[in-house]
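To start, the structure under review is shown below, and the notes come after it.
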Amino acid sequence: MVIAGGLATAVFGFLVFVVLPGSLAELLGVLVTVGVVILGARAAGDLADSIFPDYNAAEVAVEGPITRDGGTPGPIPGGALGTTADEVVEQIERADEDDAAEALLVKLDTPGGEVVPSDDIRKAAADFDGPTVAYATDVCASGGYWIASGCDELWARRASIVGSIGVIGSRVNVSELADELGVSYERFAAGKYKDAGMPLKELSADEREYLQGIIDGFYEDFVERVAEGREMDPETVRSTEARIYLGEDAHELGLVDDLGDRSAVEDRVADLLDAEVSVREFAPEKGLAARLRGGATAMAYAFGAGVAGVVADDDRGFRLRF
């Protein structure tokens, strides 16, 4: 096959560049014609796909830590290792506007991420006009489960990790180290709680209560969203205490609707649509340079540091994540 392909290419090149053109102008004409033919064939293919679509279900993937811009804290700056929430929302909305996409599959393989971006994806899935089925591959935790609560059903594998319905906030306390180094903290702020959580000073009791109140508020919202979306009693959700479960155990607790692989999920969608299912993946288009850069960054980051679960860090060193 390699030899045949090489010979065919050589013959084509010989005809186009040697035999056919009698002058440079003719050569340019041949090249322009070939380019126009290629563009025309591509445009015709796109038009045919839109008029005669070969799919009736859309799939959107949520993979890696969920952030607004897809970046993950780590030693490699600018590395987009996680899910870019805005792009995921854009693809769900594009699928919703596509008349051919009658159902939505949401592939989840994420440990969670930032609060608002996770909610943006959940809302987009909930607004989709048609059946929405989420399915967990390896991990559907925290922000991933928040997203799943906006779908009609959640499926998982028996060995999938599901749950972690909770919120965590953290800060680094380096006040003792600062004292040893002779570094002091001087406060210039307007508003009592403006510098709450600064790592260079100890938390006061009321600052601790204030920050814990923020976490508790997010947690109550999380519980209510899950209880409403999964039609569960809020106390049952709270009783999980942010534990993670294997898919089989999650199914017994009602955190998952059913167990099965991708084929079983497609069969379920076929039942919901009462038709054979053909799935098309909706994904943002990325140029070659972006793909190469993303692959190199992901490899370097995974080798040097591993995939981080911490996805939010403000300028005071206070971290908040699902």
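Bear in mind these aren't lab numbers, they're just calculated from the coordinates by the rules spelled out. Not measured: the values here are computed from a predicted model. Because the Cβ atoms are built from the backbone with ideal geometry, glycine has one as well, and the counts that use them run over all protein chains shown.
Before moving on, here are some points about what is shown:
- Residue-span extension gain [Met1 to Ala178] - 0.36 nm each, minus C-alpha spacing: 56.9 nm
- Spin-label model distance (nm) - Arg243 vs Asp69, 7 Å beyond Cα toward Cβ: 4.0 nm
- Neighbour-count order for Val174, Val162, fewest beta carbons within 10 angstrom listed first: Val174, Val162
- Once the C-beta distance of Ala8 and Leu28 is scaled by a Förster radius of 25 Å, the resulting FRET efficiency is 0.60 to the nearest 0.05.
- Taken as Cα centroids, segment 78-143 and segment 146-225 sit 24 Å apart, rounded to the nearest whole angstrom.
- Between amide H atoms placed 1.01 Å from N, distances below 5 Å from Ile66 occur with Thr83, Gly112, Gly113, Glu114, all of them 5 or more places distant or on a separate chain.
- Here's how it looks for Ile244: its modeled amide H is under 5 Å from those of Ser164, which are all 5 or more places away or on a different chain.
- The aspartates and glutamates within cross-link reach of Lys194, meaning a Cα-to-Cα straight distance under 17 Å and a gap of 8 or more places when in the same chain, are Glu186, Glu202, Asp206, Glu207, Glu209, Asp313, Asp314, Asp315.
- For a paramagnetic label modelled on Lys192 (point 7 Å from Cα along Cα→Cβ), amide N atoms under 14 Å away belong, within segment 207-228, to 207-211.
- In this structure the amide hydrogen of Val139, modeled in the peptide plane, comes within under 5 Å of the amide hydrogens of Thr110, Ile161, none closer than 5 places in sequence on its chain.
- If R0 equals 30 Å, the separation of the Cβ atoms of Asp233 and Arg158 corresponds to a calculated FRET efficiency of about 0.75.
- Footprinting exposure proxy for Asp86, Asp261 (fewest neighbouring C-beta atoms within 10 Å first): Asp261, Asp86
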